[in-house]
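Report on the structure given below.
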Amino acid sequence: MFKKNDEIELVIDGYTAEGSGVGHFDGMAVFVANSAVGDRLKVHIIKAKKTYAIGKIIEIVSPSPDRIETDCPYFNSCGGCAFRHISYQAELNAKKDRVEQAFSRLARIDIKAESVCGGETERYRNKAQFPVGFDGDVKIGFFAPRSHRIVDCPDCLLQPEDFSEIVNIFREWIKDNGISLYDEEAHKGVLRHIYLRKATATGEIMACAVINADCLPAVSDLAERLKKNESIKTFALNINKEKTNVILGDKCVNVFGDGYITDILCKNRIRISPLSFYQVNKNQAQKLYEKALEYAAVNGDETVLDLYCGAGTIGLSMAKKVKRVIGVEIIPEAVEDAKINAAINDIDNADFFCSDASEAAQMLKEKGIKPDCIILDPPRKGCDNSLIKTVSEMNPERIVYVSCDPATLARDCAVFKEYGYNADRLSVFDLFPRTIHVESVVLLTRG
């Protein structure tokens, strides 16, 4: 047994869900940030508990063959990336293993990923939310790991270069106009976050200021500065006066432009407003949706129920290949976007309505709706048991489950198994290279 401030030699043999390396010393797990599987390290213990310890690298005695030179000056201080110190193939292997191990350990389901799809590792994100604050100077960037201390980041390698230019416009405007920046503890200050979205296919950009007020001082000056960037199609204010860690509020006020941007996904034009859910990696999302369509195995005569449909992207990608699509989403603005997306793509067999997924599924079941295929794309917390029960009782031939969290996906698939649906096929998609996140799609079939 060891204690805080001990120094040990450790071999890293795995990764945690948070991206830290893990090794074992005298039978105890030791977690070490920025380590790589295969590293032999000299480690300083900074926290020792009864069942685990946390260590810090003192020396890399023998580096892992997966190790590479870190290409970002903010990697060790910013909480965004977890895997900039290992090769991309090693990262893909780790994410595949994480998904498969979730099924094996948490659900006792033995399933292997039939494909692991990687993509661009730089400049792939189409959305960024930058917290702003003041610490001797204006700070705009990302929160440090396990804290709300802002690490100033003039250029993130995951974001389009356009975003860095726009952040600089905000930075200069803040300084020139003495804009008060939000203080979480005091719940004072006006500007909370800078929120940017870009349509990959069209190049259109949306800028949004998240504010702790009903209006923004010097907003006309900011608007004029933003208009000089011809890619910025629209600029809006998002009002969030709640004392919360949730970034966006429910109300948006448009300053200029139409209040939305338009991208192209799976050959459909997709309208994106500030509150719409839209995958942050468009190119990888398209590959994932193509796999979802393959798993759905539609032949033109099916009714598809798309739960947690967001702006309708998955359902609309299938609409021209099925008889009917029914989409359900709890965010009103996203539902309106989904309806408009159907209209602008001449899709007349898709209906979208605003509701909680569980309540909608129950209502549709009571009405006798019998979908042939149900698409599930829930938030990170997954599906509740009542929804799984209702979906199973609707008796679809296939359920296609898209998930951003392997643990809740495995948990839910175990519950589906109790209702007679088995996880038959699994594919892994890296929509978030260099971060801890991974996306999966599973085909569930009856019996």
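The values are calculated or read from the model by the stated rules, or taken from the named source; none is laboratory data. None of these values were measured; they are calculated from a predicted model. Positions of Cβ are generated from backbone atoms using ideal geometry, with glycine treated the same way; all protein chains shown enter the neighbour counts.
All conditions but one from (1) modelled with pLDDT of 95 or more; (2) more than 28 Å from Met394 (Cβ to Cβ); (3) crowded, with 22+ Cβ neighbours inside 10 Å apply to Lys233; the one that does not is (3). The set of residues from the stretch 80-102 being surrounded by fewer than 20 Cβ atoms within 10 Å (Cβ to Cβ) and outside any helix (DSSP H, G or I) comprises just one member, Ser87.
Does any residue of the stretch 85-96 turn out to be free of Cβ contacts under 8 Å to residues at least 40 places away in the same chain and closer than 30 Å to Pro131 by Cα? Yes, the conditions are met somewhere in the stretch 85-96. Annotation: of all residues in the stretch 163-198 being part of a loop (DSSP other than H, G, I, E, B) and of a type in the set (Asp, Glu), the one that is surrounded by the fewest Cβ atoms within 10 Å (Cβ to Cβ) is Glu185. Mind checking whether some residue in the stretch 283-298 is more than 20 Å from Asn126 (Cβ to Cβ), modelled with pLDDT of 95 or more, of a type outside the set (Phe, Trp, Tyr) and part of a loop (DSSP other than H, G, I, E, B)? Yes - at least one qualifying residue is present in the stretch 283-298. Number of residues in the stretch 342-367 that are in a helix (DSSP H, G or I) and either closer than 19 Å to Lys323 by Cβ or not hydroxyl-bearing (Ser, Thr, Tyr) (or both) equals 12.
For the structure I just gave you, tell me whether Ala207 is of a type in the set (A, V, I, L, M, F, W, C) and touching a residue at least 40 places away in the same chain (Cβ under 8 Å). Answer is yes for this residue.
For the stretch 330-341, the criterion of being outside any helix (DSSP H, G or I) and among the aliphatic types (A, V, I, L, M) is satisfied by at least one residue. Quick one: Val328 ticks every box in (1) surrounded by fewer than 23 Cβ atoms within 10 Å (Cβ to Cβ); (2) over 24 Å from Lys233 (Cβ atoms) except a single one, so which number is it? It is condition (1) that Val328 fails.
Counting the residues of the stretch 370-392 that are outside any helix (DSSP H, G or I) and either crowded, with 20+ Cβ neighbours inside 10 Å or in contact with a Phe, Trp or Tyr (Cβ under 8 Å, 6 or more places away or on another chain) (or both) gives 11.
Consider Tyr289 carefully, then state whether it is of a type in the set (Ser, Thr, Tyr), touching a residue at least 40 places away in the same chain (Cβ under 8 Å), outside the structural domain of Lys251 (by TED's automatic domain parsing) and farther than 13 Å from Asn341 by Cβ. Criteria not met by Tyr289.
In the set (1) in a strand (DSSP E or B); (2) assigned by TED's automatic domain parsing to the domain that holds Glu439, Arg105 fails one condition alone, (1). Quick check: is even one residue across the stretch 342-352 at positive phi and either touching a residue at least 24 places away in the same chain (Cβ under 8 Å) or out of contact with any His (no Cβ under 6 Å at 6 or more places or on another chain) (or both)? Within the stretch 342-352, one or more residues are at positive phi and either touching a residue at least 24 places away in the same chain (Cβ under 8 Å) or out of contact with any His (no Cβ under 6 Å at 6 or more places or on another chain) (or both).
For every residue, the table says whether it meets (1) in the same structural domain as Pro131 (by TED's automatic domain parsing); (2) under 24 Å from the mean Cα position of the chain (by Cα); (3) modelled with pLDDT of 95 or more.
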site	(1), (2), (3)
Leu158	yes, yes, yes
Phe170	yes, no, yes
Glu185	yes, no, no
Leu191	yes, yes, yes
Ala201	yes, yes, yes
Ala209	yes, yes, yes
Asn212	yes, no, yes
Val219	yes, no, yes
Ala223	yes, no, yes
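The residues of the stretch 44-85 that are among the β-branched types (Val, Ile, Thr) and in contact with a Ser or Thr (Cβ under 7 Å, 6 or more places away or on another chain), listed by number, are Ile57, Ile68.
When the stretch 393-447 is filtered for residues that are of a type in the set (Lys, Arg), outside any strand (DSSP E or B) and crowded, with 21+ Cβ neighbours inside 10 Å, only Arg434 remains.
Could you tell me which residue of the stretch 246-256 is surrounded by the most Cβ atoms within 10 Å (Cβ to Cβ), considering only residues that are in contact (Cβ under 8 Å) with a residue 40 or more places away in the chain and assigned to a loop (DSSP other than H, G, I, E, B)? Residue satisfying both the conditions and the ranking: Leu248. Scanning the stretch 199-226 for residues that are within 24 Å of Ser276 (Cβ to Cβ) and outside any loop (DSSP other than H, G, I, E, B) returns Ile205, Met206, Ala207, Cys208, Ala209, Val210, Ile211, Val219, Leu222, Ala223, Leu226. Taking the stretch 260-309 as the range and being touching a Lys or Arg at 6+ places or on another chain (Cβ under 7 Å), more than 20 Å from Lys198 (Cβ to Cβ) and among the charged types (D, E, K, R) as the test, the residues that pass are Asp301, Glu302.
Of the candidates Asn229, Asn240, Asn245, the single residue that is over 20 Å from Tyr260 (Cα atoms) and of a type outside the set (A, V, I, L, M) is Asn245.
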